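Read the figures in this text as sums done on the coordinates, not as results from a lab. Note that this is a predicted model, so its numbers are computed, not measured. Here the Cβ positions follow ideal geometry from the backbone for every residue, glycine too, while neighbour counts run over all protein chains shown.
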Amino acid sequence: MQETLNALRGLQEIDRHIYRVQAQLTRLPKELEDRTAVLNRLKEAIAERQYALREFRARIKEIEDTTTGLRQRLRKLEHESNSQKVDAAMLASYQHEIRQVKRTISQAEDDGLRLVGEADQAEAGIAELVAREKEETTVFGEFQLNVATEVAEAEAELKALQSKRVEEAASQLEPSVLELYTKLLDTRHGEALAELNDRICQGCYVEIPRNLAIRLARSNELVQCPNCQRILFAY
Ligand SMILES: [Zn+2]
């Protein structure tokens with residue numbers, strides 16, 4: 001039975017390795033996906049801000065057009081108010097309107113200046129994000145290449161481990177033992193064996209009954225932990 005246990009421990013070693021490689025093969029594409037999402041969010045943020053900036057520019061243009069129209073109106077009013085035909089009452093009315101138009105122009109110019117300031121700030125923010133995107137795209141490209149290499153290596157390693165596993169399992173283990181081991185490997189997430197140390201199962205840290213420890217010491221049969229079912233071995 002000691003030989004069987006030794007073979008099982010050899011197999012467990014290979015399987016632990018297989019689990020590690022499989023975990024890596026799951027992790028790498030996930031990491032690539034996460035990084036792609038981060039980069040896409042950055043691109044979306046840039047697009048959103050560029051859209052907002054275009055809106056700013058359009059509003060600034062609108063204000064400029066409005067003030068141009070108002071200035072023309074002002075010149076016309078000033079010209080008309082200077083005419084000989086204007087009496088005192090009309091002049092007062094012209095001057096009133098001129099003051100109003102001047103106020104409106106001044107207000108529009110303030111709004112325009114404020115918007116220009118905001119647009120400049122938005123533009124600087126976009127430039128910063130674009131620089132960051134460029135940098136991160138380079139890093140991402142390198143990462144993507146590394147992932148491709150690592151995945152290819154891991155896949156080759158996995159294939160080699162799996163054929164080694166089949167070879168060792170078939171040549172050294174009874175089918176019923178292999179079946180029990182494989183089932184445990186699956187239910188116990190890659191650890192089918194556990195060392196027994198001072199009657200404590202090192203797989204689940206539960207103390208096992210004395211008679212089981214004695215049976216294990218006799219080495220005539222496979223002994224499983226009554227709690228976690230792992231196949232026990234002792235040094
Ligand atoms: Zn246990």
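For region 18-171, the Cβ-based charge dipole about the Cα centre amounts to some 620 debye (Lys, Arg positive; Asp, Glu negative; other atoms uncharged). Per the Debye calculation on the chain with a single equal scatterer at every Cα and no solvent contribution, log₁₀ I(q)/I(0) for q = 0.09, 0.16, 0.18 Å⁻¹ amounts to -0.67, -1.09, -1.20. Among 88-96, 191-199, sorting by the average number of other beta carbon atoms lying within 10 angstrom of each residue, highest first, gives 191-199, 88-96. Other residues lying with their Cβ under 14 Å from the Cβ of residue 139 contribute a combined charge of -3, Lys and Arg counting +1, Asp and Glu -1. Within the shell of other residues whose beta carbon sits under 13 angstrom from the beta carbon of residue 166, the net charge comes to 0, with Lys and Arg scored +1 and Asp and Glu -1. Can you spot the lysines whose alpha carbon is less than 27 Å from residue 102's alpha carbon? Ignore those fewer than 8 places along the same chain. Excluding near neighbours in sequence, the set is 61, 76, 85.
The alpha carbon centroids of region 203-235 and region 50-67 are separated by 79 Å. Summing Lys and Arg as +1 and Asp and Glu as -1 over all other residues whose Cβ lies under 14 Å from the Cβ of residue 74 gives a net charge of +3. Highest mean packing first, where packing is the average number of other Cβ atoms within 10 Å per residue, the peptides 130-142, 101-113 line up as 101-113, 130-142.
With contacts taken as Cα pairs under 8 Å and at least 6 residues apart, the chain reaches a relative contact order of 29 percent. Here residue 183 is the anchor, and the lysines within straight C-alpha reach of less than 28 Å, apart from those fewer than 8 places off in the same chain, are 30, 159, 164. Cβ-Cβ distance of residue 41 and residue 118, R₀ of 25 Å, FRET efficiency by 1/(1 + (r/R0)^6): the value works out to about 0.60. The spacing between region 171-197 and region 92-130, judged by their C-alpha centroids, is 78 Å. A cut-off of 5 Å between modelled amide H atoms, ignoring neighbours fewer than 5 places along the same chain, links residue 233 with 194, 195, 196. Per-residue extension of 0.36 nm, minus the Cα-Cα distance of residue 109 and residue 145, leaves a gain of 7.6 nm for this segment.
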